[in-house]
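The values are calculated or read from the model by the stated rules, or taken from the named source; none is laboratory data. Keep in mind it's a predicted model, so treat the numbers as computed, not measured. Here the Cβ is made from the backbone with ideal geometry for all residues, glycine too, and neighbour counts use every protein chain on show.
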Amino acid sequence: MNTPIINIEHIARVYDMGGEKVHALRDVSLNIYPNEYIAIMGPSGSGKSTMMNILGCLDTPSSGIYNFKGLDVKEMDDNDLAEIRNREIGFVFQTFNLLPRASALKNVELPLVYSGVSRSERRDRAIKTLEEVGLGDRMQHKPNELSGGQRQRVAIARALVTKPSIILADEPTGNLDSKTGVEIMRLFQELWKRGNTIIVVTHEEDIARHAHRIVRIRDGKVESDTTNPQSAIA
Amino acid sequence: MKISEFFETTRISFEALSSNKMRSFLTTLGVVIGIFFVVLMGWAINGLDSTLDKTFNAIGTDMLYVDKWNWAGGRNWRNVEARKDITYAQALEFCKRIKSAEVVMPQGRAWGRQVQFKNQLLNGITIMGVPHQYALTPSGNVFQGRFFSQFEDMNSADVAVIGYNVAINLFPDSNSLGKTIKIAGRSFTIIGVIEKRGTFITDFMDNQCYIPLSSFFGIFGTTGRSISIAIKAGSEEQLDEVRSEAVGIMRAVRNTPPGAEDDFAINESQAFREESKTMRIAVYGIGLGLTALSFIVGMIGIMNIMFVTVTERTKEIGIRKALGATRTSILIQFLTEAAALCFTGAVIAFVICSIAIYATVKIFDLAFPPYIPPALLLIATVVSILVGIIAGLIPAMRASRMNTVDALRYE
Ligand SMILES: Nc1ncnc2c1ncn2[C@@H]1O[C@H](COP(=O)(O)OP(=O)(O)OP(=O)(O)O)[C@@H](O)[C@H]1O
Ligand SMILES: [Mg+2]
């Protein structure tokens, strides 16, 4: 098989809560390969978000090995991590996390600002990506002028616009009704088909059904890591 | 940090400010007031300087006046009072002996006199008795008519050249030339008007009337008053030479014992410069003090508001960092915002200042021109931006060091 984008080995993450240690992750190992579509499942508090934060280089593990495209993340400084986040990772959050005062277009342009892309190119790329997620007619709208599903599409466009190696979505449908949730999952399906690598955190079996590999976490450990026989890969 | 990012950052900063206009305005008030004082101070000093230059030119930068009195203070008043008058004979002797001067002449002066035109009286006028050579000094520039001639001078003619204020007070809407005025009971025909020379320190110069010296003595007599001697050195470079010759001759003429202090004064326009130094220092001191105070107040205000802003926008900071903003980017974003805040304050202050200065000059009819030196605007702008950067530094550092995950979770 080809080389993994992400390789983590025996990762642990301990939060020090004033003397009391919270073991959010204990000994997690995982390889993620290009164009995989993975669902991460598990009960609340099991460490899913903690793991996503580490995978997304927002946070660093307390111990263990993390190689991103063969590079040791432990060796990276703050600026390197910012650059990895900017170029290699696209985040989609449960609460959308859009800038409230900026238009959909400006929100999608934002990661490109930090890659130093020129103004006109930023605009062109953001417009194109918004069209790809079906929001070509909502570009000048502010987040509060958009529906939840539309907001999440803006967030997905923002994650896609830098053409990252991997898209990390932490409960992307958690704040959406089930019908809209299905639409968003269909969009992820679409992106996966176009060759993107996707990791989605969810605790809905319905949602996980879309993925072709399901990693179950419990108490900070991988409980199971299976390919999904009934995945909707069609 | 890339250029395109910087422009975007600046745009974002102004956008953030305008989203909270009232708060931004109140925050910049300290800076507005600080800049206001800087510009006002600059304007006052500039005005003072240009006024002084005018004064020096009116008096003549190459003129010396030998006199019983010192123009500027600093002397023991009793000592000066005790000096013997300079007599006309001494003055004439002095004029005969001095070689280095271009023009030299005695002049008599009678303070606080009355000038009458028909039944109109003007008080507080200084009557100057001068020879015709007075026309050769800067103080003798007429803007209407002419100065009296050697012939009129020698014949004690009843002709007068009047100062600017005398002309506008006695003849507000008619030509003064040819009119007859009464000075100490004697009638004089006006043949010229001296151009306006006075400024706020030298307004007295426009309240003078000039008559031939011989006529002056005819009215006021030669005794019982101190004669002063006007010397035109020819150029500023010659002042030192002429001054030292004048001191020597005057001491000889007045038989001042060797080793004793001069019992007369050599006055020159520089005396006003000395006097103005104190004023300059006062203006600078008050101006800088007030400026510093308002900048400190302004800085505290800006620092405070930047802390509030950073806290309010914790989530935004988290989002930006998640999308790839480096610490430096975040730092510069908030520094730019603080600087933009101050810069806006500076612009507001410039507008207020320009209006205030223009209005002051118009309303009070000041001699100061309503002119703000451009260098001052540049300095004020730079200072305001620096103030913003310094005030914003700690809040911006706090923003840049925020933990991304925690910031994202902030509600
Ligand atoms: N910043 C933090 N400081 C201290 N403890 C934390 C922090 N973040 C998470 N934890 C703890 O780590 C554990 C795992 O949290 P995490 O958010 O990863 O769970 P999760 O699987 O995402 O849960 P959920 O499904 O509710 O989102 C929890 O016990 C949580 O209390
Ligand atoms: Mg979670």
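Taking the listed residues A:197, A:129, A:202, the one that is free of Cβ contacts under 8 Å to residues at least 40 places away in the same chain, buried (at least 17 other Cβ atoms within 10 Å of the Cβ) and either touching an Asp or Glu at 6+ places or on another chain (Cβ under 7 Å) or more than 23 Å from residue A:6 (Cβ to Cβ) (or both) is A:129, with no other qualifying. Taken as a whole, the range B:8-23 holds no residue that is touching a Phe, Trp or Tyr at 6+ places or on another chain (Cβ under 6 Å) and assigned to a helix (DSSP H, G or I). Within the range A:21-41, identify whether any single residue is over 19 Å from residue A:169 (Cβ atoms), part of a loop (DSSP other than H, G, I, E, B) and either away from ligand 1 (no atom under 15 Å from the Cβ) or without any contact (Cβ under 8 Å) to a residue 24 or more places away in the chain (or both), and answer yes or no. Checking the range A:21-41: not a single residue is over 19 Å from residue A:169 (Cβ atoms), part of a loop (DSSP other than H, G, I, E, B) and either away from ligand 1 (no atom under 15 Å from the Cβ) or without any contact (Cβ under 8 Å) to a residue 24 or more places away in the chain (or both).
Against the condition away from ligand 2 (no atom under 16 Å from the Cβ) and either aromatic (Phe, Trp, Tyr) or within 18 Å of the chain's Cα centre (by Cα) (or both), how does residue A:86 come out, does it pass?
It is true that residue A:86 is away from ligand 2 (no atom under 16 Å from the Cβ) and either aromatic (Phe, Trp, Tyr) or within 18 Å of the chain's Cα centre (by Cα) (or both).
Scanning the range B:331-367 for residues that are surrounded by fewer than 24 Cβ atoms within 10 Å (Cβ to Cβ) and within 14 Å of chain A (Cβ to nearest Cβ) yields B:331, B:332.
To keep it simple, each residue is scored yes or no on (1) exposed (fewer than 15 other Cβ atoms within 10 Å of the Cβ); (2) within 14 Å of another protein chain (Cβ to nearest Cβ).
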| site | (1), (2) |
| --- | --- |
| B:280 | no, no |
| B:285 | yes, no |
| B:291 | no, no |
| B:297 | no, no |
| B:300 | yes, no |
| B:306 | no, no |
| B:318 | no, yes |
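Given the criteria assigned by TED's automatic domain parsing to the domain that holds residue B:297 and out of contact with any Lys or Arg (no Cβ under 9 Å at 6 or more places or on another chain), does residue B:48 qualify?
no
If I filter the range B:333-345 for residues that are in a helix (DSSP H, G or I) and in contact with a strand residue (DSSP E or B) (Cβ under 7 Å, 6 or more places away or on another chain), do I get at least one hit? Scanning the range B:333-345 turns up no residue that is in a helix (DSSP H, G or I) and in contact with a strand residue (DSSP E or B) (Cβ under 7 Å, 6 or more places away or on another chain). Among the residues of the range A:126-139, is any within 12 Å of chain B (Cβ to nearest Cβ) and part of a helix (DSSP H, G or I)? No, the conditions are met nowhere in the range A:126-139.
Every residue, every condition in (1) of a type in the set (Ser, Thr, Tyr); (2) within 16 Å of ligand 2 (Cβ to nearest atom); (3) within 22 Å of residue A:49 (Cβ to Cβ), yes or no:
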{"residue": "A:127", "(1), (2), (3)": "no, no, no"}
{"residue": "A:133", "(1), (2), (3)": "no, no, no"}
{"residue": "A:166", "(1), (2), (3)": "no, no, yes"}
{"residue": "A:210", "(1), (2), (3)": "no, no, yes"}
{"residue": "A:226", "(1), (2), (3)": "yes, no, yes"}
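Considering the range A:105-125, and only residues there that are within 24 Å of residue A:80 (Cβ to Cβ) and β-branched (Val, Ile, Thr), the residue that is nearest to the other protein chains (Cβ to nearest Cβ) turns out to be A:113. Within the range B:1-31, the set of residues being closer than 15 Å to residue B:335 by Cα, within 8 Å of chain A (Cβ to nearest Cβ) and among the charged types (D, E, K, R) comprises B:5, B:8, B:15. With respect to (1) closer than 27 Å to residue A:67 by Cα; (2) within 16 Å of ligand 2 (Cβ to nearest atom), the lone exception for residue A:174 is condition (1).
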